[in-house]
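Each remark here refers to the structure printed beneath this line.
The values are calculated or read from the model by the stated rules, or taken from the named source; none is laboratory data. None of the values given here were measured: they were computed from a predicted structure. For neighbour counting, all protein chains shown are included, and Cβ atoms are generated from backbone atoms with ideal geometry for every residue, glycine included. Calculation scope for accessible area: heavy atoms of the full protein, side chains included, ligands and nucleic acids excluded. Shrake-Rupley method; radii C 1.70, N 1.55, O 1.52, S 1.80 Å.
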Amino acid sequence: MVRFTSMLLNLGLALAAPSLIPRQDQGAINKKLIVGAAGQILSFQFDGKTFKSISKVAEEGKSASWMVFKQPNHLYAVDENSNTLRLFNYDPATGKLSDKPVSEQTGSPGVVSLEFNKDKTRLLGGSYSNGTVDIWDVSAGDGAMKLIKNVTLKGDLSPKHPTHRAHQIVPEGSGRYFAINDLGGDSIHIMDSKKDYTITSVTKVLPVGCGPRHGGFLSTKLNPSLLPTHYVVLCETKNLIQLFQIDQKADESLGLTFLDSMSSYGPMPPANATTAAAGELTVARNNRDIYVTNRLSGNATDNVSFFAFEQVNGKPCLTWKSQVSSDGISPRMMSLSRDQEQGIMFVANPMGGPSGIAAFKRSELTGLLNPKPMASIANTTISKEVGGFGPQFVLEIPAPKSA
């Protein structure tokens, strides 16, 4: 078994080897990043080789585990340790962040996900603590937040959870629908913005206790403004990645039909299946490449698995492609760079290991990640003041085109 596992490991590394990644001429790299960590929000400049610190906001006892940006300078941040939503000023040209929030409002406790509607006049926040979704009006020029309504998730619960848990809100390309991954209810709820942000359908995700956490819309259509054709979800507790087909019903609600499922580790199982807990799922712009983080695997470092959304014998399915080390422990969140090629994957490792933040080169052609990071920030650099708990969120915010 050890020899077989070693063979699979070598296969995975070979699939992701630098020699298989075509060279890409990206020109000069100048990226501004926002990083959320326990008790801190930080901003960095990344030039492809090093991370340079720009701003640091100390927030004792707070946890900005998810953030979103709206032009010209509005950065919204959750605090999953309380019931506050914060607004900061952020300059995307310089990467400078205000040293404290310019506004705070009270919403649901334990919000861990934020997402805008298409024209960014509404902001949705998903609560892990009590299974609700806050709908905020953020149409004001100064970015001010006004709570419009609060939607409660309903349905049967997983035996391991006392409440529904809205772990992530995922928008689809047309801008009308949102998928809400409910870890506590083993469900995917579809919310319709055209119907006053009401839940119009609920799909159970099996097996019981699988824990759907993060997901993404996929499409076999070339026009991104059309309704997606598929949805992929990552189940934290059972370490599964699952594919569903989307069908719009007569009442315009969305139905999800199960198609495919496999381990989030592919053929390379974790050292400790008991503790393993899948984390993030990211879909590339090409609607083909899917990346998931695998956490608490018991290995020396955790990893990122790469899957492809493909047609095999005329049927849509998921295909495992490769796995690379995240260069740290418990990668909670990752995100692709915002250039056209999406040539860099940024990974946040909050629980130690060599890297707190690692940047991996990605091939636009094959989707493969180079197993050796382009650059990294040591976990101790970020976490030394907050008891060793490091970065859990990382996102590029593009500078204005004129900058």
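Listed by chain and number, the aspartates and glutamates whose alpha-carbon sits under 19 Å from that of residue 238, ignoring those within fewer than 8 places in the same chain, are 156, 182, 186, 260, 280, 302. Remark: segment 265-282, residue by residue, has Karplus-estimated 3J(HN,Hα) of 8, x, x, 10, x, x, 5, 10, 5, 6, 8, 4, 8, 5, x, 9, 9, 10 Hz, where x stands for each Gly or Pro and the curve is 6.51 cos²θ - 1.76 cosθ + 1.60 at θ = phi - 60°. Cysteine residues of the chain whose Cβ has no partner cysteine Cβ closer than 4.7 Å: 317.
I need the shape label for segment 167-321. Rule: rounded when a/c is under 1.5, else prolate if a/b > b/c, else oblate, with a, b, c from the alpha carbon gyration tensor. It is prolate, given that a/c is not under 1.5 and a/b is the larger ratio. For segment 216-244 versus segment 162-205, the inter-centroid distance based on Cα atoms is 13 Å.
For residue 62, the lysines whose Cα falls under 25 Å of its own Cα, not counting residues fewer than eight places away in the same chain, are 32, 52, 70, 96, 100, 146, 149, 384. Normalising the average separation of contacting C-alpha pairs (under 8 angstrom, six or more residues apart) by the number of residues puts the relative contact order of segment 95-190 at 22 percent.
One quarter of the surface of the convex hull around the alpha-carbon atoms of the chain equals 19.1 nm², the direction-averaged projected area. Per residue, the accessible area of the chain comes to 41 Å² when a 1.4 Å probe rolls over the protein heavy atoms. Each part gets one Cα centre, and for segment 45-88 versus segment 306-322 those centres are 35 Å apart. The Cα atoms of segment 163-214 cover 31, 17, 16 Å along the three principal axes, with the biggest extent listed first.
If you wrap the Cα atoms of segment 262-334 in a convex hull and average its projected area over all directions, you get 4.9 nm².
Measure off, as a whole percent, the carbon and sulfur share of the 1.4 Å-probe accessible area of the chain, all protein chains present.
After summing per-atom areas, the C and S share lands at 53 percent.
Taking square-rooted eigenvalues a ≥ b ≥ c of the alpha carbon gyration tensor, is segment 290-403 rounded, prolate or oblate, where a/c under 1.5 means rounded and, failing that, a/b exceeding b/c means prolate? Because a/c hits 1.5 or more and a/b fails to exceed b/c, segment 290-403 counts as oblate. Structural descriptor for the chain: relative contact order 13 percent, calculated from alpha carbon pairs under 8 angstrom and at least 6 residues apart. If you take the square roots of the eigenvalues of the alpha-carbon gyration tensor of segment 231-369 and sort them as a ≥ b ≥ c, do you get rounded (a/c under 1.5), prolate (a/b over b/c) or oblate? It comes out prolate by the Cα gyration axes.
Here the peptides 279-288, 123-132 are ranked by packing, the mean other Cβ count within 10 Å, and the order with the highest first is 123-132, 279-288. When each of the peptides 358-365, 103-110, 310-317, 195-202 is scored by how many other beta carbons lie within 10 Å of its residues on average, the order from highest to lowest is 358-365, 103-110, 195-202, 310-317.
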